[in-house]
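Before any comments, here is the structure.
Please treat every number below as a calculation from the coordinates, not as lab data. The model shown is predicted, which means the values in this text are computed figures rather than measured ones. For neighbour counting, all protein chains shown are included, and Cβ atoms are generated from backbone atoms with ideal geometry for every residue, glycine included.
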Amino acid sequence: TPTLASATPPPVAPPPPAGATAAPVWYPNYADQFIRYYYQNINARSYNLTWSLLTDAFKYNVNGPSQGGYQGYVDFWNTVSRVDISSVVITGQSSGTATVTVGMTYNYFNGTVASVNQPFNLLFDAGRNTWMFHSPTTVVATPVTASPQSFIYYYFDRINARDYGTTWSLLHYT
């Protein structure tokens, strides 16, 4: 004989509070997510962590003694209010190495905005289960001061080029 299922539906979890969104969780053991993980921690001012994600070769070439080492690194990042990542493209990957091109926008405290497509070479540290920046030829973004008028022209130029990742990254509500 057939049995009837309960007429009482299971309880339903209440909806999240209005305006609440889950923050993405990035894992440093995937090359593309490592980039987002790193810059999320730059934006959080976790410099001890982010410094540890640079190989010694990278530190020497980009933040060596002539650039002030760790203190120069911290001083530089303290001029940046935030970095927005619009895209991460893995252009090459093999066992233990990866090459990525990152569409990113540096937003400086002085109002300067610099958008670049920046290549990086990454090296996987199996002992720590994380990627690390490793590139003696890394291109470092040169800030370009943008007037409000030139920013608007740039913004709409990027829209017309259908570069929505960049245009989206330029929007910031405070």
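A few remarks follow.
- Karplus-derived 3J(HN,Hα), 6.51/-1.76/1.60, for each residue of region 102-118, Hz, glycine and proline x: 10, x, 9, 10, 8, 10, 8, 4, 7, x, 5, 10, 10, 9, 9, 9, 10
- A simple spin-label model places the labels of Ile152 and Tyr30 4.0 nm from each other, with each point 7 Å out along Cα-to-Cβ.
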